[in-house]
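Peer 1: One structure coming up, written as C-alpha cells, with questions to follow.
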Amino acid sequence: MKLSFNHRFKFTIQAIKSNGGVLAILSLFVIVGSVLIFIGLQTESSEAYWFLIIFGGVFITVSLVVFVTTMPSSFLHYFEKELIQKYGKYTVAKVTSKEKQDYSYDNSNIFDSRKIKVAEFHNYITYEFSSTNRVYNGTDIIDDNEIFESLEVGSSIPVKFLSIDPNQSQIRIRKLKNELKRN
C-alpha cells in the first residue's frame with residue numbers, strides 16, 4: 001500500500017504537533033546559542049569573545065545532539081500511531097502477561113530536607129492476536145489503573161493493527177473501557 005503525499009503530510013504534521021514542546025525547547029536553545037555567538041563576535045575583549053563563542057556553541061551542540069538522538073524515534077512513533085488510526089484493522093487479542101513497573105522516586109533538593117515520595121507506575125499489557133494465519137505479539141501501556149487491574153491473563157481485549165504490518169498494533173482503550181463498563 002502506497003501512501004499518498006497528502007496522507008504522509010498529515011501524519012507528519014501530527015507527529016510534529018505531538019513533539020511541539022520538545023521542539024520549542026530545542027529551538028530556544030539554538031536561538032540562545034546563536035545570540036551568544038553573535039554577541040561574542042561583537043565584543044572587543046578576547047576573553048569574552050572565546051567564552052561566548054564556546055558557550056553558544058555548547059548550547060547549539062547540546063540541542064542538536066538531543067534532537068538527533070531522540071526526535072527520529074519519537075516522530076516515527078507518532079507517525080505510525082496516525083497510520084494505524086487511519087489504516088488499521090480491528091481484531092480481538094488475548095492478554096499473555098501483565099506487568100506493573102515501579103518508577104517511583106524521592107523528590108528532594110539541597111535547600112529542603114523533606115523527601116517527597118513521587119509514585120510513578122507504568123502498566124504494561126502484552127497480548128497476542130492472529131492475522132493472515134500468523135500469530136503476532138504486541139505490548140502497550142495502559143494508564144488507567146482500574147482498567148489494568150480488571151484485566152486478567154487470558155482475557156480478550158480489542159486491538160487495532162496495521163494491515164500491511166501487523167507488528168504495529170495498539171490496544172483500543174476506549175472500546176475496552178466500554179466493554180468493561182457493560183460487564
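Peer 1: So for the pair residue 25, residue 113, with labels modelled 7 Å out along Cα→Cβ, what separation do we get in nm?
Peer 2: About 3.2 nm separates the two model spin labels.
Peer 1: Let me ask another. Semi-axes, largest first, in whole Å: what does sqrt of 5 times each Cα gyration tensor eigenvalue give for segment 39-100?
Peer 2: One finds semi-axes of 50, 15, 6 Å for segment 39-100.
Peer 1: Residues with amide H under 5 Å of residue 131's amide H, sequence separation 5 or more or different chain, H placed in the peptide plane at 1.01 Å from N; which?
Peer 2: Residues meeting the criterion, in which the H sits 1.01 Å from N, are 136.
Peer 1: Stretched out fully, how many nm does the piece from residue 124 to residue 173 gain, at 0.36 nm a residue minus the Cα gap?
Peer 2: Gain in length upon complete extension: 16.3 nm.
Peer 1: Shifting gears a bit: For semi-axes √(5λ) of the Cα gyration tensor in Å, the listed values are (1) 27, 18, 16; (2) 58, 19, 16; (3) 44, 25, 12; which was obtained by calculation from the structure presented?
Peer 2: Checked against the structure: label (3).
Peer 1: So, one more: Calculate for the chain the 222 nm mean residue ellipticity that helices alone would give, adding -39,500 (n - 2.57) per DSSP H run of length 4 or more and normalising by residue count, nearest 500 deg cm²/dmol.
Peer 2: Value at 222 nm, helices only, nearest 500: -17500 deg cm²/dmol.
Peer 1: Please state, as a whole number in µm²/s, the translational diffusion coefficient that the Stokes-Einstein equation yields for segment 123-162 at 20 °C and 1.002 mPa s, with Rh defined as the Kirkwood radius across alpha carbon pairs.
Peer 2: 191
Peer 1: Could you run the Karplus curve 6.51 cos²θ - 1.76 cosθ + 1.60 with θ = phi - 60° over segment 92-108 and give me ³J(HN,Hα) per residue in whole Hz, x for Gly and Pro?
Peer 2: Karplus values, whole Hz, x for Gly and Pro: 10, 10, 9, 6, 9, 7, 10, 8, 10, 9, 9, 10, 5, 8, 8, 9, 9.
Peer 1: List every DSSP H helix in the chain whose Cα atoms extend 30 Å or more along the helix's own long axis and whose mean Kyte-Doolittle hydropathy is at least -0.5.
Peer 2: Those that pass (Cα extent of 30 Å or more, hydropathy at least -0.5) are 20-42, 46-87.
Peer 1: Using 17 Å as the cut-off for backbone N distance, which residues of segment 126-143 belong to the label zone defined by a point 7 Å from the Cα of residue 96 along Cα→Cβ?
Peer 2: 126-141, by backbone N distance to the label point.
Peer 1: What is the set of long-range amide H partners of residue 96 at a cut-off below 5 Å, with H atoms built 1.01 Å from backbone N?
Peer 2: Amide H to amide H, under 5 Å and 5 or more residues apart or across chains, residue 96 pairs with 126, 127, 128, 154.
Peer 1: Mind checking Rg over Rh on segment 5-86, alpha carbons, Kirkwood formula for Rh?
Peer 2: 1.22
Peer 1: Now, a different point. Assuming R0 = 45 Å, what is the FRET efficiency of residue 17 and residue 43, from their Cβ-Cβ distance, to the nearest 0.05?
Peer 2: Plugging the Cβ-Cβ distance into 1/(1 + (r/R0)^6) gives 0.70.
Peer 1: Could you tell me the distance between the Cα centroids of segment 127-176 and segment 23-54, to the nearest Å?
Peer 2: Segment 127-176 and segment 23-54 have Cα centres separated by 49 Å.
Peer 1: While we're looking at this one, here's another question. What per residue convex hull volume, in Å³, comes out for segment 88-182 when only alpha-carbon positions are used?
Peer 2: Per residue, the Cα convex hull of segment 88-182 comes to 123 Å³.
Peer 1: Going by average Cβ neighbours within 10 Å, how do the peptides 14-23, 54-63, 95-104, 156-165 rank, with the highest at the top?
Peer 2: The peptides rank, most packed first, as 156-165, 54-63, 14-23, 95-104.
Values quoted throughout were computed directly from the atomic coordinates according to the rules given, and no laboratory measurement underlies them. Computed from a predicted model, the values in this text were never measured in an experiment. Note that each Cβ is placed from the backbone with ideal geometry, even for glycine, and that neighbours are counted across all protein chains shown.
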